[in-house]
Each structure stands twice: as structure tokens, then as C-alpha cells.
Ligand code: CMC
């Protein structure tokens, strides 16, 4: 392999230095800028976490107010987005629309962006955090044929998103406080996770000096796959297919049979080999949220039985496969009335905070250079071209 190492899937390669997020996979530890995820989940808000990831420190009251005002100022979509959105088929997957819509932001804000100016870079980051919920809700409403709602800037970030999703003109939306709190918590837990596939994608695209909106659109594309953010949608579809606790064992058996090509979605993680601390928090809150919302979802019972059966099984124990962040998140999204196809979009809204923090860090890193992996070539040695009539 010459002077480089063959490392498929980059399991043993550090692609950058970063001071944002720390994971100890063996001990189940996750820290954002040094703060344990459990403490942030209990006491912080998504917007405060977004500030923390971007700036490195928790904001003072004044800093938080300025940040919140700045985000609020940028929640509107350019009106021309509407005609862009209108071109999508109504039955397109919302992640397909989100990739396109975010990519199109590069066309709206390209000329006003000087990547050498730190203030301009931060403005791009703020615009992304501010506009992603507006765009996400617009994709949903386009898919069901509802008129778009403008962001209500007199309410908080997560509540505002729920209003844009579900409000209809004649009926004021009455939100139970637990709904906004649960979504805020899920956003905190999904906000960053160091060099996962989508964040690495944002950095790889960012390493070329590309427009930040294009970088984040690439991140959304990477997130979409079922091995990554698409797992939350896949989990719910899997639980619905299993349907009943009595079918759990055969699902576990099928996942063990490598010939079947079936995996237990929401199980396993490249880094966590003991437990996923985010899954632990979500599992605990699922019961409470469902009870407070008055939702009785039989899929929760299926999920609990599935976890129990898998954790008893030699196959999963040996390979250190545990429920990950996405195993229970879908049950909460469903209880909040969010349709299954939107689950990965929810993940994308939250992860935007991490993506922009990593992009900003990379732009300021004097050691950063273009990402350019090598390969182990397995093709032909040099050979002579043959004219078409000689083949
Ligand atoms: N069900 C059954 N077997 C599994 C599963 C699973 N969910 N996950 C891994 N395995 C097996 C795999 O077949 C392999 O077995 P063997 O050594 O006999 O070939 C072994 O466990 C190691 O798996 P791997 O594919 O080499 O592990 P990886 O680190 O490359 O993949 C993963 C990690 C998360 C992609 C994988 O566990 C998976 O596909 N899980 C299901 C999808 C999922 O839930 N993804 C969400 C990840 S967390 C949210 C996020 O950050 O995106």
C-alpha cells in the first residue's frame, strides 16, 4: 500500500483536529465543548447548545439574547424559494426537497459571501440555523398541499417550527408544553456527534473552499442514508412491520442471519460499544412524553420487547450492538404528529448546528487542507488500447 494505510470506512483515521465534541465509545460518554450531554439535556435549550457548539462557550444572558434575536431575524425564506419549491413533485421525499432547497441557498447568498471574512462566515452559519426549520416545514406543507406559513418571530425556535408545520389559518395551534420540550430535547441530543458521515462530508466539501450552503446540502445528502440519519425513519417502518410483540423473536433471528441482508435498524454504532448515552436519555423520556401527550402507541411495546430480546442474544452481545439514538426517537416524533418521512429532516434541523460549527472550525484551522484520501488500486496494469473492430 505504499506510504499510506488502507482503512475502509476510516475506522482508524483522524481526519482533523477538533475541539467541539468528545466521545468515549467504551464508557458511553458524549461531551459538547466539555459539557456532558446528560447535563445539557436536563438544563439547556437547543438554541443555547447551537451557540455553545459554534462559539465554544455557553452564552451569558446578553450574548444569548443577541444570538436569539439574530437567529430570529433570519428565519424568513426568500420569496423566490416558493417557486423553486413548487417545482418539486408533491410526493417527493422531503429529504430530496431539503437537499435541493439548501443547495439553492448557495445561489441566493453567493455574491454576498466573502469566505475570508469571519463575520460573513458566522452570518452564513446563523442563516442556516435560522432558515432550516422554515425550509423543512415548507417541504412538509408542499408535500401535503397546504399553504406555507411564515415564521412567527414572537415565539421560540422549536415552537416556531411546530407552528410552521401544523398551524392552519383559522385555528390557532394549541401546543402542549411537553411537545416543544420533547422536540427541543431531541434536537439537543442530535446537534453534534463529531466526525460522523454527514459532518465529515460537510468538512470534505468545505475543504475545497466551496460555498457553505452547498457544504450543508452535501451533509444532508449524507445524512439521508439508512445507515446514518435515515435510520430513524427505517426504525419506525421496521417496528410497524413487526407489528406485535409476538413477532419480535423472528425479527431478531432474521437480523442474525447475514444472508437475509436485514439489520435491526436503530441498533449498533461505529463508536459506541457499550451504550449510546443519547439512547438512554430518549428511552427514559419516551414513556413520560407519551403519557403527557395522552398517546398510547403499541409500537413502544414492540420496541421495548425488541430491545430486550436483542440484548439477551449472543449475536448482539458479542458484537456489542446496543440501541442507538434513533431507536426510540421515532416513537416520540410520531407522538408529536410528525410523519415518518419527516424524521430524518428533524435530524437534519438539529445536526445543522453541528455542521456549521465544524465548518466554522475548519475555516479557521491553519492546518486544514483539501481532503483527498488515497486508494488501494485493484484494477489492470497498463495495457494497450485495441481498436473497436479488434475487440
Ligand atoms: N443488526 C444486525 N447486525 C448488525 C447491526 C444491526 N443493526 N449492526 C451491525 N451488525 C453486525 C454486522 O453485520 C457485523 O457483523 P460481522 O462482524 O459478523 O460481519 C458487525 O455487527 C459489525 O458491523 P459493521 O457494519 O462492521 O459496523 P459499522 O461500525 O461499520 O456500522 C452501523 C455501524 C451503525 C452503520 C451499523 O451498526 C448499522 O448498520 N446499524 C443499523 C443502522 C442504524 O441504526 N444507523 C444509525 C446509527 S446512529 C445515528 C447516526 O449517528 O447516524
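The values are calculated or read from the model by the stated rules, or taken from the named source; none is laboratory data. Keep in mind that this is a model prediction, so the values were computed, not measured. Note that we place each Cβ from the backbone using ideal geometry, even for glycine, and neighbour counts take in every protein chain shown.
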List the helices (runs of 4 or more DSSP H) inside the stretch 66-163, counting only whole elements, that have at least 1 residues being over 30 Å from residue 361 (Cβ atoms). 81-86, 118-144
Can you spot a residue in the stretch 363-370 that is closer than 27 Å to residue 33 by Cα and without any contact (Cβ under 8 Å) to a residue 40 or more places away in the chain? yes
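Quick check: anything in the stretch 177-198 part of a loop (DSSP other than H, G, I, E, B), at pLDDT below 95, in contact with a helix residue (DSSP H, G or I) (Cβ under 7 Å, 6 or more places away or on another chain) and away from the ligand (no atom under 12 Å from the Cβ)?
no
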Scanning the stretch 231-263 for residues that are more than 8 Å from the ligand (Cβ to nearest atom) and in a loop (DSSP other than H, G, I, E, B), which turns out farthest from residue 341 (Cα to Cα)? 257
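Test of understanding: among 222, 217, 210, which residue is more than 13 Å from the ligand (Cβ to nearest atom), assigned to a helix (DSSP H, G or I) and not assigned by TED's automatic domain parsing to the domain that holds residue 331? Reasoning before the result, please.
Details: 222 fails: more than 13 Å from the ligand (Cβ to nearest atom); 210 fails: assigned to a helix (DSSP H, G or I).
Testing whether each residue is more than 13 Å from the ligand (Cβ to nearest atom), assigned to a helix (DSSP H, G or I) and not assigned by TED's automatic domain parsing to the domain that holds residue 331 leaves just 217.
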Counted residues in the stretch 279-306 being within 12 Å of the ligand (Cβ to nearest atom) and either farther than 22 Å from residue 246 by Cβ or surrounded by fewer than 23 Cβ atoms within 10 Å (Cβ to Cβ) (or both) come to 2
If you take the residues of the stretch 264-278 that are within 11 Å of the ligand (Cβ to nearest atom) and touching a helix residue (DSSP H, G or I) at 6+ places or on another chain (Cβ under 6 Å), which of them is farthest from residue 240 (Cα to Cα)? 278
